Amino acid sequence: MTLPLATLEIAQTAARMVVEEGLDWGAAKRRALKQLGLPPRTALPDNDVLEAAVREYIELFCADTQPQELRALRELALVWMQRLAEFRPHLAGAVWRGTATRLSDIYIQLFCDDPKSAEIALIDHNVRFEVRQVPGLHGSLVDALSIHSLCQPLGETVGVHLLVHDFDDVRGALKTDAQGRSLRGDTAALQALLAAE
């Protein structure tokens, strides 16, 4: 299927913003549309198209640095997943998909019997966090516990966002995308990715 030229232009411009500025995908698409001076009703690329553009951009412009940055973020994610093992953590987003750079945040989905138990665990370990609400797996709002965590290999503080879901939602977390790729992975899956690198 051939995509309209405007859709490809939006995807390529948004991909640059995602990689170079750390914008989330929705914001990058909207800003690209505006920057290109296209009409507001222009169809935006879907996430698969944008992901392909992000991968292409990384391959062209960041191939010498991105693999090390991705590994550092995955290792930091693993530390937090092991700390929060009782809440069945699953890594999602760019760090899981392999498109993360040093500007990317880490998104870990937790599946809890009691939604407040993750907050209590962080408080017990003297971890400072902010709570906000974001769309969860099924579109309804869930709590996101946001932490600033030092990533030693990058020499930077990284945002780690813990999205708190109900325990029963873990079944829905194992779905795959249109290409059959897993949208998230548990601790064992992340360890396997790191071992394969």
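Where a number appears in this text, it was derived from the coordinates with a stated rule and is not lab data. Keep in mind it's a predicted model, so treat the numbers as computed, not measured. Positions of Cβ are backbone-derived with ideal geometry, glycine not excepted, and every protein chain shown enters the neighbour counts.
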> Does anyone have the angle between helix 5-21 and the longest principal axis of the chain? Alpha-carbon axes, 0 to 90°, nearest 10?
Replying inline: 40 degrees
> In degrees, nearest 10, range 0 to 90: what is the angle between the Cα axis of helix 66-83 and the longest Cα principal axis of the chain?
Replying inline: 30 degrees
> Which whole-Hz ³J(HN,Hα) couplings does the stretch 112-127 yield from phi under the Karplus relation 6.51 cos²θ - 1.76 cosθ + 1.60, θ = phi - 60°, glycine and proline marked x?
Replying inline: 10, 5, 10, x, 7, 5, 5, 4, 4, 4, 5, 4, 4, 9, 6, 9
> What are the ³J(HN,Hα) values, in whole Hz, obtained from phi via the Karplus relation 6.51 cos²θ - 1.76 cosθ + 1.60 with θ = phi - 60°, for each residue of the stretch 152-164 in sequence order, with x given for Gly and Pro?
Replying inline: 3, x, 8, x, 9, 8, 10, x, 10, 10, 9, 8, 8
> Where the only charges are on Cβ atoms (+1 Lys, Arg; -1 Asp, Glu), what is the dipole of the chain about its Cα centre, to the nearest 20 debye?
Replying inline: 420 debye
> Reported to two decimal places, what Rg/Rh ratio describes the stretch 1-106 when computed on Cα atoms with Rh from the Kirkwood expression?
Replying inline: 1.05
> Quick one: which of 184-192, 161-169, 9-17 comes out on top by average Cβ neighbours within 10 Å, and what's the full order, highest first?
Replying inline: 9-17, 161-169, 184-192
> With point charges of +1 on the Cβ of Lys and Arg and -1 on the Cβ of Asp and Glu, referenced to the Cα centre of the chain, which listed residue (Ala188, Pro39, Thr176) lies farthest in the positive direction of the dipole?
Replying inline: Pro39
>> Can you tell me the orientation of helix 47-61 relative to the chain, as the angle in degrees between its alpha-carbon axis and the longest Cα principal axis, to the nearest 10?
In response: 80 degrees
>> Across the chain, what fraction of all alpha-carbon pairs, as a whole percent, falls in each successive 10 Å bin from zero upward?
In response: 9, 33, 36, 19, 4, 0
> Charges only on Cβ, +1 for Lys and Arg, -1 for Asp and Glu: so what's the dipole of the stretch 5-61 about the Cα centre, in debye to the nearest 20?
Replying inline: 340 debye
>> I need the peptides 142-152, 84-94 ranked by packing, meaning the mean over residues of other C-beta atoms within 10 angstrom, with the highest value on top.
In response: 84-94, 142-152
